[in-house]
Every structure is written in structure tokens, then in C-alpha cells.
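The values are calculated or read from the model by the stated rules, or taken from the named source; none is laboratory data. Everything numeric here is computed off the predicted structure, so don't read it as measured data. Positions of Cβ are backbone-derived with ideal geometry, glycine not excepted, and every protein chain shown enters the neighbour counts.
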Amino acid sequence: MSLTSFRFIPLLVLAVAFSGPVLAQEGKDNIETRDLLKLNLSDWFWARYELGYEHVIDESTSFQIAVAGIGASENNRNSIYDNIFGNFSDVDVEIEHSGWRLSPEIRRYAWVYGGMPEGVFVSLLGRVENWSLSVDEDIDDLSSLGPNEYQGELDGVFTQFHWGGGVMVGYQWYSDNGISIEMYTGPMFRSFSRSWSADAVLTDGEQELAEDSLEPRVFQTSQWDPYLIANSGPSWRFGLTVGLGL
């Protein structure tokens with residue numbers, strides 16, 4: 001190696017040393033952010049207040065975890081008429097809703113621009129939900145209750161648990177100012193389990209009558225009646241979210 005070649009070695013070392021930060025900065029510029037915080041707007045009607053966190057894994061894949069709190073109050077009025085004895089009575093039903101929902105999801109996008117997922121996506125979604133209804137029934141005249149109904153006020157806690165999953169197809173927009181909007185839809189499968197715990201101690205026969213009386217006397221007065229009596233099996237889901245890049 002000549003003396004001239006040795007003179008170029010320090011210059012080469014300096015060039016490599018300075019090029020590293022420059023390349024790293026360029027790579028950082030290409031990936032503006034890899035995370036989104038999203039608010040679900042479509043489940044408010046069902047009293048589910050969901051916040052999701054999406055993280056980009058690679059150029060076409062992201063992972064999302066969404067957590068929802070359940071909360072609502074109802075004060076409904078119903079009437080009972082006994083066809084056998086001709087008794088009529090007004091019924092007031094107060095319902096306090098509470099619970100939680102957890103939904104993990106893995107997504108595949110058509111493309112990821114600037115580190116953020118945009119465009120068409122397909123995802124696999126899982127779901128676990130626990131929903132409790134605290135029921136306080138007030139009946140003016142207990143004699144209006146039919147012989148095949150629970151002969152008392154339905155005071156207690158109804159719990160509905162379900163797990164399931166599905167396949168979603170959607171589209172997500174991501175603006176330059178960091179705002180995202182997405183729409184999605186797809187089929188799901190849900191498996192329900194339900195239980196009723198009365199405030200009073202019930203016999204087996206009373207427990208069965210109380211559970212049978214929940215639908216006509218409590219659920220049918222609630223705006224969530226279709227969800228409370230839904231059967232296990234296939235269903236369809238759709239939604240709308242807005243988000244902010246982190």
C-alpha cells in the first residue's frame with residue numbers, strides 16, 4: 001500500500017463516522033410515527049366507551065388492543081296486566097349497567113406510508129366482554145303478577161359474559177396533521193353465558209321463575225333488549241373510529 005493510500009484512511013473513517021447519523025436521521029424521517037390512539041364512535045349507542053392503541057410492526061402489519069368500559073343508567077316504566085284475575089299494576093325498573101370489554105386484533109394493510117398504516121386492511125379480531133346489570137324493580141301491586149311469573153320484585157344482578165372473534169375488512173385514512181379515520185365491517189362469532197343473582201335467597205323453582213321473568217319484565221323495557229337476548233352464534237360487526245398519531 002502506498003503512502004498516498006494511507007492518507008485517505010483518516011478521510012474514509014471520518015466519512016463513515018458522519019454518514020451514520022445522517023442515515024439514521026433519514027430513516028427516522030421516513031417513519032414519522034408508529035403508534036395510533038383511537039376512539040371508537042360506533043359503540044356509544046351500546047354504552048361501550050372504547051379506546052384503542054395500534055402499533056405498527058412492519059411495512060404491512062400492525063397490532064391493536066382496545067379496552068372498553070361499560071356504563072349507563074335506565075329508569076323504565078312498564079305495566080303488568082293479569083288476564084286471569086284482571087289485576088293491573090304499574091312497574092318501575094331501574095337498571096345500572098357496568099362492565100368491561102377487551103379486544104386484541106392483528107391487521108394486514110395494503111401499504112404503510114410514512115410509518116403509519118393507511119388504506120385497505122384485513123384483520124383477525126378477538127373479544128372478551130363482561131356486562132352486569134343491577135336491577136331494582138318496584139311493583140305497585142304484587143297481586144297483578146301471573147301464576148307463571150316470579151311472585152316478587154326482581155331485585156338483583158344479571159351478568160352476561162361472552163367471548164368470540166371475527167374477520168374485519170376496513171379502510172383507514174391518515175392525514176398529515178396526525179388525525180386518522182377508519183371504517184370497518186365483518187362477520188363475528190359470539191358465545192354467551194348468562195346468570196342471575198337475586199338479592200333474596202331463592203329456591204330452585206323461584207330461581208327458574210325469576211330468570212324466565214327477566215325478559216318480559218326487565219329486558220323488554222331496555223333499549224339494549226336485542227343484545228340481552230341474543231343467541232350464541234354468528235353476528236355482524238361494523239364500526240367507525242377517529243385517532244391521533246403518537
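Structural remarks
- Entry remark, region 143-191: residues being of a type in the set (S, T, N, Q) and part of a strand (DSSP E or B) number 6 in total.
- Among the residues of region 207-218, not a single one is farther than 21 Å from GLU50 by Cα, at pLDDT 95 or above, in a loop (DSSP other than H, G, I, E, B) and assigned by TED's automatic domain parsing to the domain that holds LEU51.
- In region 31-47, the residues that are in contact (Cβ under 8 Å) with a residue 24 or more places away in the chain and farther than 18 Å from GLY170 by Cβ: ILE31, GLU32, THR33, ARG34, ASP35, TRP46, ALA47
- In region 133-184, the residue that is farthest from the chain's Cα centre (by Cα) out of those that are of a type in the set (S, T, N, Q) and within 29 Å of ARG77 (Cβ to Cβ) is SER143.
- In region 174-213, residue surrounded by the most Cβ atoms within 10 Å (Cβ to Cβ) [restricted to those that are touching a residue at least 60 places away in the same chain (Cβ under 8 Å) and aromatic (Phe, Trp, Tyr)]: TYR174
- Some residue of region 153-176 being in the same structural domain as ASN231 (by TED's automatic domain parsing) and more than 30 Å from ASP43 (Cβ to Cβ): yes
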